[in-house]
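The values are calculated or read from the model by the stated rules, or taken from the named source; none is laboratory data. Note that the coordinates shown come from a computational prediction; the quantities given were computed from them, not determined experimentally. Please note: Cβ atoms are built from the backbone with ideal geometry, for glycine as well, and neighbour counts cover all protein chains shown. Side chains are part of the model used for accessible areas, which takes the heavy atoms of the whole protein and leaves out ligands, DNA and RNA. Shrake-Rupley method; radii C 1.70, N 1.55, O 1.52, S 1.80 Å.
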Amino acid sequence: MFCKKRTVEPDGRPAPILESPEENRNRKRSAGTRVLERIWDSFGKVGEERSFLLKLDMFLLLYIVLSYLIKTLDSTNVNNAYVSGMKEDLSLYGNELSLFSTFYSIGYFLGSVPSQILINRVRPSLVIPSIEILWSAVTVTTAACQTAKTVYAVRLIMGLLEASIFPSFSHIIGSWYTPTELGKRYSLFYMAQPLANMFSGYIQAGVYTSLNGVHGLAGWRWLFIIDGIISVPVAAYGFIALPDYPNKCRAIYLNDRELLIANMRMDRVGRRAPEKITVKGFFGIWKSWRPYLFLTLYQLDLLTFYFQYFNLYLKSLGNYSVQELNLIPTGGYAVALVSGYVIGSISDTIGMRWPGWLFACCCKFVGCTILAVWPEGFHVKMFGFFIGYIGYAGFPLLLTWASEAFQDDPQSRGVMVGWGNCINMIFGFWWAIVVYPAEEAPTYTVGYRLISPMAGLEIVLIGAFYYMIKREQRVKRMVINEYGLAVKKDSLADLVGDTSETESIDKKSETRVATMEKPEDLA
């Protein structure tokens, strides 16, 4: 629990009144409000909650998207730099491009456990922006690399610094937003990846045209310099924008009443407050079925992203300029952005995550099956690449679903994504070299034929994940709250003061949550 019941605050003002999901659905709206709400759900809220949510989006969500976008730019820039002169300048004629990913993965793996414990014990609003400043300096040094070995060293340090970013952001988002808001925001957070890929293509094309040769530096070197420079103001913004957690927040842009609203919202959902992660807790999650199935799906979803070598296929055709090689793949990332936003929004509206995830997985399966066959037609292969970009929409729905299904266990919720990234980096040591060897480019006979059945397995395991969640809820005799989430009956009784309105897991419960008191540690 974040806070206790109370109808009046110490200053004599009434405590905030939050609108229930049912009241929100039934409230009449003006035509203008309906349009704005379709675009962004914050406009559909009323009173103090609307103001609070818009402020949270402006600071927390905007910063997280910008920060993750900048980090992804670096990874994407390596591929774009490779086809824009880096290969020739550094004599990269073997598996060096794959080894760049391998060394990055080694650094990420080494930093995964220590960074998660550090972030849990020191305020994320201090640690993460500080890491970003160091990251900026290391990124710029890539421009000075003269051999593949120096790039390996830089990539290892980059992975070490970035190990804390994605798991921490995932946990923070899940600690502030309710189920009617979470799917869209997880999607926008993760859609920073395709957005970064788009920007990287445009930036590299522009840099190659305007800066190639300036001050004796190749265009691909300028790409890393620009990447490092633009990340500094984002890091500075993070010191202000990152609010830590609702029950332990010192953000200057949220007043005590808004923090009370934040804590009330999490109590209504039934989400337990974050707890300190211990080494025992980090390794103790394996006693349940949850990590085994979740992490299997986590790896399957990430490993079946098969379109990262799209520009190598285009280069093999010999028909495109350097600018075109950077720009054409941005169309696929535009598909990812639109599909991610639409599918994430629909999942919030219908209150279910699995349909959108299943659709995204089916698109990946169709696309990589086409490439596994490698048909003669150019347009068929292009369709196979482009439809796969819809698969981006699936991963944030996995994170959203797990955040909601595992909300009764804050330690597992906090470390599960960290474990997922850690295991994914183990695959990163060898996956690209074995599955996508340079000599097989661009057909990747082994890669596409392996990815296709893996995408099919992911589709099957989505059903298994759904079954296990529902089975666990029945075994624990949990009830459904007004947000459609399963919670323990005693915790629901604490909120509503009476369990007579609750029903079994197979029926929808009508609940109302009383107003609550500001927690002791908000000051």
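Here are the numbers for this structure:
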item: Test: residue in the range 329-349 that is under 20 Å from LEU317 (Cα atoms), open to solvent by 10 Å² or more (accessible area, probe 1.4 Å) and in contact with a Phe, Trp or Tyr (Cβ under 6 Å, 6 or more places away or on another chain); result: yes
item: Helices (runs of 4 or more DSSP H) contained in the range 244-346 and holding at least 2 residues closer than 25 Å to GLU404 by Cα; result: 256-269, 279-283, 290-303
item: Residue, nearest to THR150 (Cα to Cα), within the range 81-92, restricted to residues that are out of contact with any Phe, Trp or Tyr (no Cβ under 6 Å at 6 or more places or on another chain) and open to solvent by 10 Å² or more (accessible area, probe 1.4 Å); result: LEU90
item: Unique residue being touching a residue at least 24 places away in the same chain (Cβ under 8 Å), touching a Leu at 6+ places or on another chain (Cβ under 9 Å) and charged (D, E, K, R) when the list is GLU472, GLU482, GLU458; result: GLU458
item: Matching residues, the range 93-102, being part of a loop (DSSP other than H, G, I, E, B) and either buried (at least 19 other Cβ atoms within 10 Å of the Cβ) or in contact with a helix residue (DSSP H, G or I) (Cβ under 6 Å, 6 or more places away or on another chain) (or both); result: ASN95
item: Criterion (within 30 Å of MET352 (Cα to Cα) and either open to solvent by 20 Å² or more (accessible area, probe 1.4 Å) or not in a helix (DSSP H, G or I) (or both)) met by exactly one of TYR237, TYR186, TYR177, TYR202; result: TYR177
item: Qualifying positions in the range 119-132 - assigned to a helix (DSSP H, G or I) and surrounded by fewer than 17 Cβ atoms within 10 Å (Cβ to Cβ); result: ARG121, LEU126, SER130
item: Of all residues making up the range 350-372, the number that are open to solvent by 30 Å² or more (accessible area, probe 1.4 Å), within 22 Å of ARG449 (Cα to Cα) and of a type in the set (A, V, I, L, M); result: 3
item: Hey, ASP74 open to solvent by less than 30 Å² (accessible area, probe 1.4 Å) and closer than 20 Å to ILE252 by Cα or not; result: no
item: Residue selected from the range 248-292 under the condition open to solvent by less than 70 Å² (accessible area, probe 1.4 Å) and of a type in the set (Ser, Thr, Tyr), by the criterion modelled with the highest pLDDT; result: TYR253
item: Among (1) farther than 14 Å from ALA81 by Cα; (2) open to solvent by 30 Å² or more (accessible area, probe 1.4 Å), the one test that ILE172 misses; result: (2)
item: Test: residue in the range 373-382 that is among the charged types (D, E, K, R), open to solvent by 30 Å² or more (accessible area, probe 1.4 Å), out of contact with any Ser or Thr (no Cβ under 7 Å at 6 or more places or on another chain) and closer than 23 Å to VAL487 by Cβ; result: no
item: Out of THR139, THR150, sole residue that is open to solvent by 10 Å² or more (accessible area, probe 1.4 Å) and either within 19 Å of the chain's Cα centre (by Cα) or not acidic (Asp, Glu) (or both); result: THR150
item: Breaking point among (1) open to solvent by 10 Å² or more (accessible area, probe 1.4 Å); (2) of a type in the set (A, V, I, L, M, F, W, C); (3) modelled with pLDDT of 85 or more, for MET158; result: (1)
item: Scan of the range 394-450 for residues that are crowded, with 21+ Cβ neighbours inside 10 Å and not in a helix (DSSP H, G or I), ordered by number; result: PHE406, GLN407, TYR436, TYR444
item: Qualifying position, being closer than 23 Å to CYS363 by Cβ and modelled with pLDDT under 90, among GLN308, GLN323; result: GLN308
item: Positions within the range 39-50 being part of a helix (DSSP H, G or I) and in contact with a helix residue (DSSP H, G or I) (Cβ under 8 Å, 6 or more places away or on another chain), in sequence order; result: ASP41, SER42, PHE43, GLY44, GLU48, GLU49, ARG50
item: Test: residue in the range 357-365 that is more than 21 Å from the chain's Cα centre (by Cα) and touching a residue at least 12 places away in the same chain (Cβ under 8 Å); result: yes
item: Residues of the range 40-56 that turn out to be within 16 Å of PRO246 (Cα to Cα) and open to solvent by less than 20 Å² (accessible area, probe 1.4 Å), as a count; result: 4
item: Index of the failed condition, TYR292 passing every other in (1) within 30 Å of CYS368 (Cα to Cα); (2) out of contact with any Leu (no Cβ under 8 Å at 6 or more places or on another chain); (3) in contact (Cβ under 8 Å) with a residue 40 or more places away in the chain; result: (3)
